[in-house]
Amino acid sequence: TVIADMTELGQRIVLAQGSNGGFGNLHFKSATNQAPRRANPGLAGIERTIWLRLKLIADVGLLGLPNAGKSTFLAATSNARPKIADYPFTTLYPNLGVVSLGRDQSFVVADIPGVIEGAAAGAGLGLQFLKHLSRTRLLLHLVDIAPLDASMDPAQQVRQIERELFDYSPELADKERWLVLNKKDLLSDEAFAERSAELVTALQWRGPVYGISAATGDGLRQLTADLMARLESIWREEAAEREEPSDDEAWDPLL
């Protein structure tokens, strides 16, 4: 049971009401009874066992099956240096990285361990770390467009992750999500175009689609620039909802 979700600076929540200390003998002191031998016992307070769970705060969350290239993407675009190897499940803990595109232009990316089938029910590490994606504003769904196992259909990979997201949290499943087709360097331009078109058609995908190679850096500059533009738009919308001036307006002496 969620008691409270603390998201604001200075926010305070009463988790357990303290006890009543009662009255000591000083409370009963008077002019005629200067050394009273009377005191009231206190009342018992509330005892509760509470789990405190930390949710990482990031702007963009990386999502995908093990070995989809999430750690390589994080290392190629940010200052993070996660463990990278040629076998799945190299990421055992969330990693955060700051992507800097220039002066006053940066955002935080969160990489979590790969989500496998049954993660929403507790399989693997997905259930433990999917919660960190709930704080993000946008999800990047990385897909291995050139899997070594020919039976690994990219469309099935995407649908599998979508099922786990919905089973875990419908709100998380509804979060804005971009499709990122990784490892395009392993295919020819014609083969990549054919596979990506087949995938978009099979999924009936209507959101943004990007083809990248996290290993070679192909397509990363355009993707991060578009992410920055989209996040700035989201931040302006959030500031307008709070009726606060945006960063561009806050310093203007004429306002």
Highest average packing first - 34-41, 190-197, Cβ atoms within 10 Å: 190-197, 34-41
Protection proxy ranking, peptides 206-213, 61-68, 45-52, average beta carbon neighbours within 10 Å, highest first: 61-68, 206-213, 45-52
Potential lengthening between ARG103 and GLU47 on full extension [0.36 nm per residue; Cα-Cα distance subtracted]: 15.1 nm
For region 136-141, 3J(HN,Hα) per residue [Karplus equation, 6.51 cos²θ - 1.76 cosθ + 1.60, θ = phi - 60°, Hz, x = Gly/Pro]: 6, 9, 7, 10, 9, 9
Residue-wise HN-Hα coupling along region 160-171, computed from phi with Karplus coefficients 6.51, -1.76, 1.60 (Hz; x: Gly, Pro): 4, 5, 4, 5, 5, 4, 5, 5, 6, 6, x, 5
Estimated inter-spin distance, SER233 and ASN25, nm [label 7 Å along Cα→Cβ]: 7.5
Cα→Cβ-extended label distance, 7 Å offset, between LEU148 and VAL200, nm: 3.0
Sequence-distant lysines (8 or more away, or on other chains) whose Cα lies within less than 24 Å of LYS70: LYS55, LYS83, LYS131, LYS175, LYS183, LYS184
Spacing of the two label points (7 Å from each Cα toward its C-beta) at ASP174 and ALA193, in nm: 3.8
In sequence order, calculated HN-Hα J values of region 25-42 (Karplus, 6.51, -1.76, 1.60; Hz; x Gly/Pro): 5, 5, 5, 9, 6, 8, 5, 9, 9, 7, 9, x, 10, 9, 7, 9, x, x
Pairwise FRET efficiency - ARG242 versus ALA4, Cβ, R0 = 25 Å, nearest 0.05: 0.75
Net lengthening on full extension, SER134/GLN17 (0.36 nm per residue, minus Cα-Cα): 39.2 nm
Highest to lowest packing among 21-32, 137-148, 152-163, 2-13, scored as the average C-beta count within 10 Å: 137-148, 152-163, 21-32, 2-13
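Values quoted throughout were computed directly from the atomic coordinates according to the rules given, and no laboratory measurement underlies them. Predicted model, so just to flag it, every value in this text is computed and none were measured. Cβ atoms come from the backbone with ideal geometry, glycine included; neighbour counts cover every protein chain shown.
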